[in-house]
Amino acid sequence: MTWQEYAAAWSRLHGGFDPEAATPVVRGWIRLAYRGGSLLGRLRVGPSTVTAAGLLLCLAVPFAALLGRAGLLLGALLVLLASCADALDGAVAVVTGRVSRLGFVYDSVADRLGELAWLAAFWVAGVPGWLAAAGAVVSWLHEYVRARAAAGGMAGLGAVTLGERPTRVSVALGGLLAGGLAGLLHPGWEATVVLVAAVAWLALGLIGLAQLGRAVRRELSS
């Protein structure tokens, strides 16, 4: 499959968003996923296998956080690898012609469980349970509202918000990495740094939910 064919298929799966119109960073990430997906496809690795591997990496993050400061750094690495797997499973499905509605459901469920594991790692690192739970609720609600709006007739994504999954990946990765480094340089600071990341997760999620709510109301009330 050529890049042009892949970009067209990717656009159809993402609400008509053209990857060629994306920022250089996003466009580069999509091209990287295309190349990785092409390689895995040639190796006969299926998309479900990649999804499962990414989920297992996510589930290992809170256990890594139990190891303390160094464990937070390991957790950050696991989040990075899981995010790569998350990009590659869809690429493998497109490249190999194995895109399915069931696979989309599997991938979405794996994403939500993975994010729950990242927030569990925040909790292990010292974040109050209520804050981690609130972050999970807001993130899940963001995806639920979009799914129900799409079922109700909304075309496309509605709006690309500040609370999208790439934001959650960045906050989880940055929070664990910064927490681990802060703890190594200044023992005891890791909990404060991860707490800031948890607050950022919740704040950005609430802003994103508000943005999505406005878009849904505008789309479905017209």
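The values are calculated or read from the model by the stated rules, or taken from the named source; none is laboratory data. All values derive from a computational prediction rather than experimental measurement. Every residue, glycine among them, receives a Cβ derived from its backbone with ideal geometry; neighbour counts consider all protein chains shown. Note: areas computed on protein heavy atoms with side chains; ligands, DNA, RNA excluded. Shrake-Rupley method; radii C 1.70, N 1.55, O 1.52, S 1.80 Å.
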- prompt: Could you say which residue among G179, G135, G158 is open to solvent by 30 Å² or more (accessible area, probe 1.4 Å) and either farther than 12 Å from A198 by Cβ or part of a helix (DSSP H, G or I) (or both)?
  reply: G158
query: What is the one condition in (1) assigned to a helix (DSSP H, G or I); (2) open to solvent by 30 Å² or more (accessible area, probe 1.4 Å) that V194 does not satisfy?
result: (2)
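Listed residues S108, S38; which is closer than 24 Å to A147 by Cα and polar (S, T, N, Q)? So that I can check it myself, show each step before the final result.
On the way: S38 fails: closer than 24 Å to A147 by Cα.
Answer to the selection: S108.
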Subset of segment 62-113 that is among the basic types (K, R) and farther than 30 Å from E190 by Cα - its residue that is surrounded by the fewest Cβ atoms within 10 Å (Cβ to Cβ): R101
- prompt: Does segment 169-191 hold any residues that are touching a residue at least 24 places away in the same chain (Cβ under 8 Å) and more than 17 Å from the chain's Cα centre (by Cα), and which are they?
  reply: G179, G180, L181, G183, L184, P187, E190, A191
message: Kindly evaluate E5 against the criterion of being touching a residue at least 12 places away in the same chain (Cβ under 8 Å), open to solvent by 70 Å² or more (accessible area, probe 1.4 Å) and either farther than 21 Å from G175 by Cα or not in a loop (DSSP other than H, G, I, E, B) (or both).
response: no
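Going by the structure shown, is L40 more than 23 Å from V124 (Cα to Cα), over 18 Å from the mean Cα position of the chain (by Cα) and open to solvent by less than 50 Å² (accessible area, probe 1.4 Å)?
Spelling it out, L40 is indeed more than 23 Å from V124 (Cα to Cα), over 18 Å from the mean Cα position of the chain (by Cα) and open to solvent by less than 50 Å² (accessible area, probe 1.4 Å).
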- prompt: Since V94 meets every condition but one in (1) touching a residue at least 40 places away in the same chain (Cβ under 8 Å); (2) β-branched (V, I, T); (3) more than 26 Å from M1 (Cβ to Cβ), which condition does it not meet?
  reply: (3)
message: If the requirement is being within 21 Å of S108 (Cα to Cα) and either in contact with a Cys (Cβ under 9 Å, 6 or more places away or on another chain) or touching a residue at least 40 places away in the same chain (Cβ under 8 Å) (or both), which of these qualifies: R214, R165?
response: R165
- request: Kindly establish whether T167 is assigned to a loop (DSSP other than H, G, I, E, B), closer than 21 Å to I30 by Cα and among the polar types (S, T, N, Q).
  value: no
query: Is it true that S11 is hydroxyl-bearing (S, T, Y) and farther than 25 Å from V109 by Cβ?
result: no
